[in-house]
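For reference, the structure discussed in these notes is given below.
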Amino acid sequence: MTKFTSHCLIIPLIAAALSFSACHRSPTPATKRYPFTGRVVSIDTQSHQAFIYGDDIPGFMDAMAMSYKMKPEETLNHLHPGDSISAEVVTIPADSKNEDAVSDYWLENVKVTGHVDAAPAAANTPHLPNPGDDVPDFSFTNQSGKHISLKQYRGKVLLVTFIYTRCPFPDFCPRMTSNFAEIYKQLGGNPALAGVHLLSLSFDPEHDTPKVLRDYGFSSAHTHNPALFAHWEFAAPAAADLPKIADFFALTIKPEGGLITHNLSTAIIGPDGKIVKWYHGSDWQVSDLKKDATDAGTHKGQ
């Protein structure tokens, strides 16, 4: 990865580690606390989270950039991009007796220990897609084996999210895909969404071949009608292009024992090919993207 250290892990590491520990050690979830230091990269007031580059936590996880909730929630009001903080990471593993339970984590006892006027532009600080940024004309191969590029969607509102078809974590790729499926179902009946196109991009090009992506698309949309792909495509880049794509969209990926540890990245790209909104977590709702897409379409000609 270009702007993250090679040892940078990401959000699912916590979910995976805690879920596995719940399965193999104790049937009762146990809260754990770890000392934490890091630097605030951005604040997301909609999801009430901060995107923070955290330092290494020996015995728990390597340095990583990810989103954190705060407790109490009001703590977020006192944080600003560029703040250095100390805190405690509080983690609760999923209850192995409850198949619907999920692990959870947040920051407590947050204290600002320093501040710079802008977030550090160090080599391990991620690039963040900002509204108004021009999106490069990245190329992919879609579920039909056709070569596509982002430039061909000019004039449309493009909703992009990143997944890989083998992802086992319900709150990650399956959730993103489920949300896109819900938006897809509403495209035909909602005039405000006319001209919206969905693009699910895999960061696992070795495994996610056109056939795999095609089958995944049919399964995700609960249909075998090829007309699906006129409005919702599934594609993967060439392996050589993946680092620069991941860098632009603040996507972090790391192979881990046959799976891929990764964060989440979802973007709304306007008809002019510029970023309208970017979400770096899983807390966005279908209604959020619908509103973003509607607003982007409304301003198309302005």
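Odds and ends about this structure:
- Residue within region 269-283 that is β-branched (Val, Ile, Thr), farther than 20 Å from LYS151 by Cα, surrounded by 15 or more Cβ atoms within 10 Å (Cβ to Cβ) and touching a strand residue (DSSP E or B) at 6+ places or on another chain (Cβ under 7 Å) present: no
- Breaking point among (1) modelled with pLDDT under 95; (2) of a type outside the set (Asp, Glu); (3) assigned to a loop (DSSP other than H, G, I, E, B), for PRO205: (1)
- Taking residues in region 180-203 that are β-branched (Val, Ile, Thr), and partners anywhere that are in a helix (DSSP H, G or I) and open to solvent by less than 10 Å² (accessible area, probe 1.4 Å), the pairs with Cβ atoms closer than 6 Å and at least 6 places apart or on different chains are VAL196/ALA293.
- Within region 242-268, considering residues that are hydrophobic (A, V, I, L, M, F, W, C) and open to solvent by 10 Å² or more (accessible area, probe 1.4 Å), the one nearest to VAL135 (Cα to Cα): PHE248
- Count of region 78-127 residues, restricted to those that are at pLDDT 65 or above, under 27 Å from ILE253 (Cβ atoms), touching a Ser or Thr at 6+ places or on another chain (Cβ under 7 Å) and aliphatic (A, V, I, L, M), is 3.
- Test set (1) in a helix (DSSP H, G or I); (2) free of Cβ contacts under 8 Å to residues at least 12 places away in the same chain; (3) within 13 Å of GLN143 (Cβ to Cβ) - HIS224 fails condition number: (1)
- SER287 meets the conditions (1) in a helix (DSSP H, G or I); (2) under 24 Å from VAL40 (Cα atoms) in every case but one. The failed one is (2).
- Out of ALA239, ALA230, sole residue that is in contact (Cβ under 8 Å) with a residue 12 or more places away in the chain and either under 26 Å from GLY132 (Cα atoms) or open to solvent by 30 Å² or more (accessible area, probe 1.4 Å) (or both): ALA239
- Residue selected from region 128-151 under the condition hydroxyl-bearing (Ser, Thr, Tyr) and over 29 Å from VAL41 (Cα atoms), by the criterion most open to solvent (accessible area, probe 1.4 Å): SER144
- Flag: GLY189 matches the condition of being within 22 Å of PHE218 (Cβ to Cβ), small (Gly, Ala, Ser), modelled with pLDDT under 95 and in a loop (DSSP other than H, G, I, E, B).
- Single condition PRO243 does not satisfy, out of (1) over 21 Å from TYR153 (Cα atoms); (2) under 14 Å from the mean Cα position of the chain (by Cα); (3) not charged (D, E, K, R): (2)
Conditions tested, residue by residue: (1) buried (at least 21 other Cβ atoms within 10 Å of the Cβ); (2) within 21 Å of PRO136 (Cβ to Cβ).
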site	(1), (2)
ILE163	yes, yes
PHE169	no, no
PHE180	yes, no
PRO191	no, no
GLY195	no, no
PRO205	no, yes
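- All positions within region 65-74 that are at pLDDT below 85 and touching an Asp or Glu at 6+ places or on another chain (Cβ under 9 Å): SER67
The values are calculated or read from the model by the stated rules, or taken from the named source; none is laboratory data. Just so it is clear, the model here is predicted, and its values are computed rather than measured. Note that each Cβ is placed from the backbone with ideal geometry, even for glycine, and that neighbours are counted across all protein chains shown. Only protein heavy atoms, including side chains, enter the accessible area calculation; ligands, DNA and RNA are left aside. Shrake-Rupley method; radii C 1.70, N 1.55, O 1.52, S 1.80 Å.
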